[in-house]
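A.B. asks: The structure follows.
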Amino acid sequence: MQAALLNEPNGRFQVETVDLDPPQAGEVLVKIAASGVCRSDWRVAIGTAPKPMPIVTGHEGAGIVEAVGPAVTRIKPGDHVAFIWAPACGGCFYCNGGKPNLCETFTPLLATGLQADGKSRLHWRGNPLHILAGLGAFAEYAVVREESCLPIRKDIPLELAAVAGCAVATGVGAAMFTAAVKPGESVAVFGAGGVGLNVIQGARLCGAYPIIAVDANVSKLMPARDFGASHTIIFDDAIVSRVQALTAGRGADQVFEAAGVPALQEVAFEALRPGAQLTLIGTTPDDSRTNLPGANITRTEKVIRGSFYGSCSPRRDVPKLLDLYVAGKLKLRELITKRYRLEQINEAYADLVKGDLARGVIVF
């Protein structure tokens, strides 16, 4: 089969013929239908999120189950599934505490890039290949853990299910679950890419007003109103005062940073009113640091909080998001800016880096 792999962190994917072993106990073979072009994979490609290589990335995927290994109980051949890139065991400290996105069983396992038995199911030129997030969705097929598969309703296009399982759950979840935005609260979203647009529509679903979208790229602000922004502002040196002018001079009740830029996190903090919360969603380079004013945090009682996978429980929440789409309350199709074939993956990431995409999708 064909897969896009990274042999070194040089920003170039190689589409190669690779070998795939059959699923073992607790594993599922999925024929990939679509895989989202996400910046998290790009961070691996350029080395700012170091992973063992060679590796097949791609974590925002969906497809159809072709076979299951022994002891698989929740998935059967023919099921349509969306991938869960942070699977949960259901029994650890965090799972029992209502935070399956922080599962302490799967987190260290996924970091190895291998399966639970310490082996890979993927091979290239006779050597094992690692996979990102236990998935490796930039390939025609994937063997993944049963816990990484979420059965979904079959009337949902699989390319939409793919983005719902990552960008949508991350962004909408940040508004709904991490920040728990309340009706009438003012919201400012820094970064109007694929995740930021979903924060915006999550805030809209929560009844927030005003919802202020901020980005340096005017083309990214154009769709923000369609997703629910009441105001759009091009980022400049006066951005804090401009947000304050729209929020009774105080700053926003809820601020989200969705781009993963340390300097932008610092500005977003200043756009927050005293006593309110800044939610950090965008992932910065692993070795980066954010310079926030400690004394100001103390004096203003501003709260800074991280959001991983939108603080959601994917098995509970992704089906609800898909139901909202069917009901016409959540935008999914509008997220997809462009579709690519697997052999166009480098073009897709060039477009992402240029800022031309809300979401690109590799279709198979």
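A.B. asks: Looking at region 138-158 only, could you name the residues that are part of a loop (DSSP other than H, G, I, E, B) and in contact with a His (Cβ under 8 Å, 6 or more places away or on another chain)? Let's see the steps before the verdict.
C.D. replies: Going through region 138-158, the residues part of a loop (DSSP other than H, G, I, E, B) turn out to be 138, 140, 152-157.
Scanning region 138-158 gives ILE152, ARG153, LYS154, ILE156.
A.B. asks: Here's a follow-up. Filter region 315-364 down to the residues that are of a type in the set (Asp, Glu) and out of contact with any Asp or Glu (no Cβ under 8 Å at 6 or more places or on another chain) and list them by number.
C.D. replies: Filtering region 315-364 for residues of a type in the set (Asp, Glu) gives 317, 323, 334, 343, 347, 351, 356.
ASP317, ASP323, GLU343, GLU347, ASP351, ASP356, listed by residue number.
A.B. asks: Next question, about the same structure. So, in region 289-334, exactly how many residues are of a type in the set (Asp, Glu), under 16 Å from the mean Cα position of the chain (by Cα) and at positive phi? Can you show your working first?
C.D. replies: Step one: of region 289-334, the residues of a type in the set (Asp, Glu) are 301, 317, 323, 334.
Still in the list and also under 16 Å from the mean Cα position of the chain (by Cα): 317.
If we keep only those that are at positive phi as well, we get none.
Within region 289-334, residues that are of a type in the set (Asp, Glu), under 16 Å from the mean Cα position of the chain (by Cα) and at positive phi number 0.
A.B. asks: Among the residues of region 319-364 satisfying the criterion of being buried (at least 22 other Cβ atoms within 10 Å of the Cβ) and of a type outside the set (A, V, I, L, M, F, W, C), which is nearest to VAL172 (Cα to Cα)?
C.D. replies: Of everything passing the filter in region 319-364, ARG359 is nearest to VAL172 (Cα to Cα).
A.B. asks: Read through the list (1) under 15 Å from GLY355 (Cβ atoms); (2) among the hydrophobic types (A, V, I, L, M, F, W, C); (3) part of a strand (DSSP E or B), then give the number of the only condition that ILE212 fails.
C.D. replies: (1)
A.B. asks: List pairs: first residue in region 335-364 and on the phi > 0 side of the Ramachandran plot, second residue part of a helix (DSSP H, G or I) and of a type in the set (Ser, Thr, Tyr) anywhere in the structure, Cβ distance under 8 angstrom, at least six positions apart or on different chains.
C.D. replies: GLY355/SER219
A.B. asks: Being surrounded by fewer than 20 Cβ atoms within 10 Å (Cβ to Cβ), part of a strand (DSSP E or B) and of a type in the set (D, E, K, R) is the filter here; which residues of region 1-48 pass it?
C.D. replies: GLU16, ASP19, LYS31
A.B. asks: Can you tell me how many residues in region 78-119 are within 13 Å of TYR309 (Cβ to Cβ), not aliphatic (A, V, I, L, M) and not in a loop (DSSP other than H, G, I, E, B)?
C.D. replies: Adding up the residues that qualify gives 6.
A.B. asks: Same structure, new question: From the list ALA229, ALA248, ALA271, ALA238, exactly one residue is aliphatic (A, V, I, L, M), under 24 Å from the mean Cα position of the chain (by Cα) and modelled with pLDDT of 95 or more. Which is it?
C.D. replies: On the way: ALA248 fails: under 24 Å from the mean Cα position of the chain (by Cα); ALA271 fails: under 24 Å from the mean Cα position of the chain (by Cα); ALA238 fails: under 24 Å from the mean Cα position of the chain (by Cα).
Exactly one residue qualifies, and that residue is ALA229.
A.B. asks: Name the single residue, out of those in region 169-194 being closer than 21 Å to GLY260 by Cβ and out of contact with any strand residue (DSSP E or B) (no Cβ under 9 Å at 6 or more places or on another chain), that is surrounded by the most Cβ atoms within 10 Å (Cβ to Cβ). Walk me through how you get there before you give the answer.
C.D. replies: We begin by selecting, within region 169-194, every residue closer than 21 Å to GLY260 by Cβ; these are 169-179, 181, 187-194.
Narrowing further to those that are out of contact with any strand residue (DSSP E or B) (no Cβ under 9 Å at 6 or more places or on another chain): 169-170, 172-173, 176-177.
On the way: ALA169: 32, THR170: 29, VAL172: 29, GLY173: 27, MET176: 22, PHE177: 19.
In this case the residue turns out to be ALA169.
A.B. asks: Mind counting the residues in region 292-322 that are more than 25 Å from ALA263 (Cβ to Cβ) and without any contact (Cβ under 8 Å) to a residue 60 or more places away in the chain?
C.D. replies: Residues meeting the conditions: 2.
A.B. asks: Any idea which of GLY202, GLY184, GLY196 is assigned to a helix (DSSP H, G or I) and either more than 23 Å from THR57 (Cβ to Cβ) or free of Cβ contacts under 8 Å to residues at least 60 places away in the same chain (or both)? If you could, list the steps in order and put the result at the bottom.
C.D. replies: Details: GLY184 fails: assigned to a helix (DSSP H, G or I); GLY196 fails: either more than 23 Å from THR57 (Cβ to Cβ) or free of Cβ contacts under 8 Å to residues at least 60 places away in the same chain (or both).
That would be GLY202, the only listed residue that is assigned to a helix (DSSP H, G or I) and either more than 23 Å from THR57 (Cβ to Cβ) or free of Cβ contacts under 8 Å to residues at least 60 places away in the same chain (or both).
A.B. asks: Let me ask you something else. Any chance region 130-137 includes a residue that's crowded, with 24+ Cβ neighbours inside 10 Å, part of a loop (DSSP other than H, G, I, E, B) and touching a helix residue (DSSP H, G or I) at 6+ places or on another chain (Cβ under 7 Å)?
C.D. replies: Yes, that holds for at least one residue.
A.B. asks: A follow-up question, please. Closer than 15 Å to GLY134 by Cα and in contact (Cβ under 8 Å) with a residue 60 or more places away in the chain, is that true of GLY118? Step through it out loud before you land on a result.
C.D. replies: Values: closer than 15 Å to GLY134 by Cα: yes; in contact (Cβ under 8 Å) with a residue 60 or more places away in the chain: no.
No, not satisfied.
The values are calculated or read from the model by the stated rules, or taken from the named source; none is laboratory data. Treat the numbers as computed from the prediction; the structure is a model and nothing was measured. Ideal geometry is used to build each Cβ from the backbone, glycine not excepted, and the neighbour counts take in all protein chains shown.
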